[in-house]
1. Under the condition of being in contact (Cβ under 8 Å) with a residue 24 or more places away in the chain and of a type outside the set (A, V, I, L, M, F, W, C), which residue from region 94-106 is surrounded by the most Cβ atoms within 10 Å (Cβ to Cβ)?
2. Would you be able to tell me the number of residues in region 70-91 that are closer than 14 Å to residue 128 by Cβ and out of contact with any strand residue (DSSP E or B) (no Cβ under 9 Å at 6 or more places or on another chain)?
3. Considering only residues that are among the charged types (D, E, K, R) and not in a helix (DSSP H, G or I), which ones fall in region 52-101?
4. Any residue that is modelled with pLDDT under 95 and not in a strand (DSSP E or B) - is there at least one of those in region 125-132?
5. How many of the residues making up region 24-52 are more than 15 Å from residue 126 (Cα to Cα) and crowded, with 20+ Cβ neighbours inside 10 Å?
6. Restricting the search to region 32-54, which residues are more than 13 Å from residue 130 (Cα to Cα), within 14 Å of the chain's Cα centre (by Cα) and not hydrophobic (A, V, I, L, M, F, W, C)?
Amino acid sequence: MIKSLNQNQALELLRKGRLGRLGVVADDAPYVVPVNYVFDGECAYLHSLPGHKIDAMRARPQVCLQVDEIEDEMSWKSVLAFGTYEEITSQIERTEALNRLLARFSRLTPVESLIAGDPSTPAPIVFRIRMTKLTGISEGG
């Protein structure tokens, strides 16, 4: 039976999660990509090389982050966090956000792998999603 998660359950799923799907509108069409993130209770912190999703979020900063915890097809939880894209440009804040991400993901993500392999690669864009609305549902256990 599908039931709603309360706010605390939804926040806990976001805190525990590591992989989500970022939804944006790009060229008037939905665009969803998997992302690694860190959630601090108010914002999700992410980074990316410049490209399609960054261009889309700069043009339309309203985004969503969807996170699952799946045991099997009859036992799962899912949260959809709506929010606003905010690019982090302060060097101090960028460093803090990157340190949070690298502390959580000790192995190189594709972004760091590209940067480490090619010094001409542009610096990653560091950003947060400031949550404005949170919904969650679960099935089973």
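The values are calculated or read from the model by the stated rules, or taken from the named source; none is laboratory data. Just so it is clear, the structure is predicted and the values come from calculations on it, not from any experiment. No Cβ is skipped: glycine too gets one built from the backbone with ideal geometry, and neighbour counts run over all protein chains shown.
1. 94
2. Matching residues across region 70-91 total 1.
3. Within region 52-101, 60, 68, 69, 71, 72, 73, 77, 86, 87 meet the criteria.
4. The answer is no, given that none of the residues of region 125-132 is modelled with pLDDT under 95 and not in a strand (DSSP E or B).
5. The total comes to 1.
6. 34, 36, 47, 48, 53, listed by residue number.
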